[in-house]
1. May I ask you to derive the FRET efficiency for residue 12 and residue 105 from their Cβ-Cβ distance with R0 = 30 Å, giving the value to the nearest 0.05?
2. When the gyration tensor of segment 16-95 is built from Cα positions, what are the square roots of 5 times its three eigenvalues, in whole Å, from largest to smallest?
3. Compute the relative contact order of segment 16-75 as a whole-number percentage, counting only Cα pairs closer than 8 Å that sit 6 or more residues apart in sequence.
4. Report relative contact order for the chain in percent, whole number only (criteria: Cα-Cα under 8 Å, sequence separation at least 6).
5. Taking Rh as the Kirkwood radius computed over C-alpha pairs, what is the Stokes-Einstein D of segment 60-111 at 25 °C in a medium of viscosity 0.890 mPa s, expressed in µm² per second?
6. Once fully extended, how much extra length lies between residue 31 and residue 97, figured as 0.36 nm per residue of separation less the alpha-carbon to alpha-carbon distance?
7. Take the Cα coordinates of segment 1-57, assign each an equal point scatterer, and use the Debye formula without solvent to give log10 I(q)/I(0) at q = 0.21 Å⁻¹.
8. Quick check: residue separation of residue 67 and residue 82 times 0.36 nm, minus the Cα distance between them. What number comes out in nm?
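What follows draws every value from the coordinates through simple rules; no lab data is involved. This is a predicted model, so every value here is computed, not measured. We place every Cβ from the backbone using ideal geometry, glycine too, and count neighbours over all the protein chains shown.
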């Protein structure tokens, strides 16, 4: 979660720590725990934290982070389709973002 927050705050370590500790705060979790989603480590997901705490995160930073995670770029169909399906089926932000592909002139696809 901390690394994602760092990416989303433009590597602002102080702000990332503030958001991270908010996501760990017992009172915050007691108040919003029923509405929040949690990851495999039992931490609140970044998306839940952003929504519930009304964090001011720029959408372009969120998209850049997701593009890094998914490994976007021009690739073969086999590579992009498995990444696309995995993101669209399993990623914790798939309720707000969707991976797409665009065919390129050289017979490959841009994810």
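1. With a Förster radius of 30 Å, E is 0.15.
2. In descending order the semi-axes read 29, 14, 9 Å.
3. Once normalised by length, the contact order is 20 percent.
4. Reported as a whole number, the value is 21 percent.
5. For the chosen part, D equals 220 µm²/s.
6. Stretched fully, the residue 31-residue 97 segment lengthens by 21.1 nm.
7. Debye curve over Cα of segment 1-57, log10 I(q)/I(0) at q = 0.21 Å⁻¹: -0.72.
8. 3.9 nm
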